[in-house]
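Enquirer: Have a look at this one before I ask anything.
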Amino acid sequence: MAKINTQIAEALARIREKQPLIHHITNTVAIADTANLTLHLGALPIMATAAEEAAEMTAQASALVLNIGTLSSALVQSMLLAGLKANELGIPVVLDPVGAGATRLRTHTSVRLLDELGIAIVRGNEGAIGTLSGAGVKMKGVESVKGVANPAAVARTSARSWKAVVAITGKRDIVSDGKRVLGVENTHVWLQAVSGTGCLATAAIAAFAAVESNFLVATVGALAAFGLAAELAAEATGGPSSFKVALFDAIYNMTPEQLAAGARVVSL
Amino acid sequence: MAKINTQIAEALARIREKQPLIHHITNTVAIADTANLTLHLGALPIMATAAEEAAEMTAQASALVLNIGTLSSALVQSMLLAGLKANELGIPVVLDPVGAGATRLRTHTSVRLLDELGIAIVRGNEGAIGTLSGAGVKMKGVESVKGVANPAAVARTSARSWKAVVAITGKRDIVSDGKRVLGVENTHVWLQAVSGTGCLATAAIAAFAAVESNFLVATVGALAAFGLAAELAAEATGGPSSFKVALFDAIYNMTPEQLAAGARVVSL
Amino acid sequence: MAKINTQIAEALARIREKQPLIHHITNTVAIADTANLTLHLGALPIMATAAEEAAEMTAQASALVLNIGTLSSALVQSMLLAGLKANELGIPVVLDPVGAGATRLRTHTSVRLLDELGIAIVRGNEGAIGTLSGAGVKMKGVESVKGVANPAAVARTSARSWKAVVAITGKRDIVSDGKRVLGVENTHVWLQAVSGTGCLATAAIAAFAAVESNFLVATVGALAAFGLAAELAAEATGGPSSFKVALFDAIYNMTPEQLAAGARVVSL
């Protein structure tokens, strides 16, 4: 994995150098943390949600995030307008189908976004990805309580079906472009105790995808950077809230060299 | 109070064991902190607000929070749909009438929710509860600047009138089911310096009510756990912002034994 | 600058004494931090956004903030209703035109608010103020990547044109009432790495304007207090997230004496 570690370290360096603008249409729970994570990585966040300006803002961005965590019909409209503009201009779209499987609105919206837009990368937990890929899962709100039997196979199959890179994140992160399946082993248990860490992983993926056109590499790089920051943050903190503060500091302070040395990416 | 300390410690243990799903329809100021508090207590938060999915999400939950801190007519509609579903299924509804008394919209919405829904528990400050119970109060925005003359009597009377457990929180917390009136003495002055701590107390109440059907015990337990965490957090911090980080850590790290030993509940 | 340091220290003391109510109609990214900053300064925040209650809440407040960071047509309506009520009652209105210049919606809304309302103070970065004043700027989302050639001249000219105090904040803060131009040199580079610090500066300005009718002094005082807190916070922290926690603690703990001694205000 020496080659991919070099690639993802170079991507992190390019984020700091180019400061790409990332347009997030996201939920009201994670919106503030999402903006800060994007800034700390070295990119510039913009959180415009109104339908009147969504496409105009996307046109200036280097990546677009569509996150359905707190959905409304107005927000779906903005997502479609922004997504179509991104597709027209070749800007990568990253979808986070939070809670797909938990309600019909979330499942249907996710399916609609996958159908009507070209999506570059989809990140979700086993529940959301499993639901959308047709695998049998059991949800508890937006959490998956019984995962899919073979997440690597689900990631690969759904990646082929959606013509997208698919990331299933959780205790171990699995990423596939439909051919290769990679695992990212950097993580910490406290990520499960902090709200919105899945959304933050999605935001990190968008920042990497803005500067790395190999979206498998971009996704793996973002997840490794996020997981490595979590590992570093957990060392000196006594609970998930001080851990979260240290996680954001670690993202800001992470060097490409540190990422190249610390990323643990495996072939599955 | 030895018996109630045992009961509330057992309730905390049950939250960790059962991980109940708590559906919050809440304001955009406290929404992120509310999700984290719920997670740190051991429950699972879901923050779905759209009318299209509110009832469907509530049907999966073990408690429902209705918090009117940043109101809109769309949100009132979602609250009514979710509340009716909760009533139909016997899921406890916890109401936080933030700022009732400050504007007609907030007062009327609170009255409407109390009239049209079965509410299990109401938590507010003296201003909000005093307004809704007909006692004379003076508000400054959502804060009460001149409290009610006898909060214990107001709590008892409004609990009878609304057929609900009523908690009036502030420098000392007062809880009544219409018969007994209990006081919770765990608190810290910095809770007043952090935005949304009332909303967080309400969220804690919902997590306890999801696993403890005696709602007087559930409410007292949540307020004692929250206040005890505040006392522990204040010991090692130098201002309300580092205090808040430590408060969330303390919630996460609190053991049932710690709560049983530290809760200070008194009969009034 | 001995006189202005005394004036701004006295303004801070008055905030703590009078606890003015500040009504914020603001964006969903900075809303929670805005409420906490207002509380820590010693004022009381209220974040009511619904058109049904906006004017009624403003009527109780001592200052009104209009921040267009996450805009919707419903929010613009609330801003106009609240602003007209504030004008009617002589309550100072502080405008933060986040991202003016980035999309037509933001530019047009800012122009409309400046046209239809009496605005006491406008705070923005070089991109937003430069756009609205007709100077040539280049935006990247809501950030200005190429500033105006002479920000002091832009601040003075736009202050005259809008009959308002104008603050252009960034690496150095520049404030003008159309006659004098003052610079505030208290700042720290990590403010650029934290989302919403511009919005927080605006919130601080509103708290000072609620108790100090010389809006040039109020604006300079708020920016000096915020910048000084940043300087103090940076001393003991290792990244922008722990810095932000310390910044909020420093705001809460700042004494008028500390502000009088530490504020660095210069004539330009």
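Enquirer: Non-local amide H neighbours of B:Leu44 (under 5 Å, H modeled in plane, Pro and chain starts lacking H): which ones?
Expert: B:Leu21, B:Ile22
Enquirer: Here is a follow-up. Around B:Asn186, under 15 Å between beta carbons, what's the net of Lys plus Arg minus Asp minus Glu among the other residues?
Expert: On the way: positive: B:Lys171, B:Arg172, B:Arg264; negative: B:Asp173, B:Glu185, B:Glu231, B:Glu235.
Combined, the nearby Lys, Arg, Asp and Glu give -1.
Enquirer: At 222 nm, what value in deg cm²/dmol follows for chain C if DSSP H runs of at least 4 each add -39500 (n - 2.57) and the sum is divided by all its residues, to the nearest 500?
Expert: Calculated from helices alone, the mean residue ellipticity at 222 nm is -16500 deg cm²/dmol.
Enquirer: Hey, in the GNM for chain C with a 10 angstrom Cα cutoff, which one of C:Arg123, C:Arg180, C:Arg106 fluctuates hardest?
Expert: C:Arg180
Enquirer: Positive end of the charge dipole of the protein assembly as shown (Lys, Arg +1 and Asp, Glu -1 on Cβ, about the Cα centre): tell me which of A:Ala86, A:Ala35, B:Ala13 has its Cα farthest that way.
Expert: The residue sitting most towards the positive pole is A:Ala86.
Enquirer: Regarding the stretch A:207-268, what are the three Cα extents along the principal axes, ordered largest first, in Å?
Expert: Taking the Cα atoms of the stretch A:207-268, the three principal extents are 37, 26, 20 Å.
Enquirer: Now for a different question. Of C:Val220, C:Val166, C:Val148, which has the largest mean-square fluctuation in a 10 Å C-alpha GNM of chain C?
Expert: Result for chain C, Cα springs under 10 Å: C:Val148 fluctuates most.
Enquirer: When only Cα pairs under 8 Å and 6 or more residues apart are kept, what is the percent relative contact order across chain B?
Expert: Over chain B, the number comes to 21 percent.
Enquirer: Continuing with the same structure: Which helices, counted as full DSSP H runs in chain B, have an axial Cα extent of no less than 20 Å and a Kyte-Doolittle average of 1.6 or above? Walk me through the numbers on the way to the answer.
Expert: Working: long enough: B:2-18 (24 Å, -0.41); B:73-89 (24 Å, 0.83); B:215-234 (28 Å, 1.93).
For chain B, where a helix must reach 20 Å along its axis and average at least 1.6, the hits are B:215-234.
Enquirer: Can I ask one more? I want to verify the translational diffusion coefficient of the protein assembly as shown in µm²/s; compute it with Stokes-Einstein, Rh as the Kirkwood radius over Cα pairs, at 4 °C and 1.567 mPa s. Could you put the intermediate results ahead of the total?
Expert: Details: Rh = 26.5 Å.
Value of D from the Cα-based Kirkwood radius: 49 µm²/s.
Enquirer: Mind giving me the FRET efficiency for B:Val266 and A:Asn150? R0 is 56 Å, r the Cβ-Cβ distance, nearest 0.05 is fine.
Expert: That gives a FRET efficiency of 0.50.
Enquirer: Another question, if that's okay. How high is the FRET efficiency between A:Lys171 and A:Ala236 when r is their beta carbon distance and R₀ equals 22 Å, given to the nearest 0.05?
Expert: According to the calculation, E is roughly 0.45.
Enquirer: How do A:Lys18, C:Lys244 rank when sorted from fewest to most other Cβ atoms within 10 Å of their own Cβ?
Expert: A:Lys18, C:Lys244
Enquirer: Counting other C-beta atoms within 10 Å, which of A:Ser161, A:Ser176 has the fewest, and how do the rest follow?
Expert: Lowest to highest Cβ neighbour count: A:Ser161, A:Ser176.
Enquirer: Here's another thing I want to ask about it. Semi-axes, largest first, in whole Å: what does sqrt of 5 times each Cα gyration tensor eigenvalue give for the stretch A:2-267?
Expert: Over the Cα atoms of the stretch A:2-267, the semi-axes work out to 24, 21, 18 Å.
Enquirer: Mind scanning C:Lys3/C:Lys171; B:Lys18/B:Lys171; B:Lys140/B:Lys244; A:Lys85/A:Lys163 and naming the pairs with a C-alpha gap bigger than 22 Å? If you can, show how the numbers build up before the last one.
Expert: On the way: C:Lys3/C:Lys171 24 Å; B:Lys18/B:Lys171 32 Å; B:Lys140/B:Lys244 24 Å; A:Lys85/A:Lys163 19 Å.
Table pairs above 22 Å Cα-Cα are C:Lys3/C:Lys171; B:Lys18/B:Lys171; B:Lys140/B:Lys244.
Enquirer: In debye to the nearest 20, how big a dipole does chain B give about its Cα centre with +1 on each Lys and Arg Cβ and -1 on each Asp and Glu Cβ?
Expert: Dipole size: approximately 820 debye.
Enquirer: Around B:Ile25, with a cut-off of 14 angstrom between Cβ atoms, what is the net charge of the other residues, counting Lys and Arg +1 and Asp and Glu -1?
Expert: -3
Here, each number is a calculation from the coordinates, and none is a lab measurement. Here the structure is a predicted model, which means the values were calculated and not measured. Cβ atoms come from the backbone with ideal geometry, glycine included; neighbour counts cover every protein chain shown.
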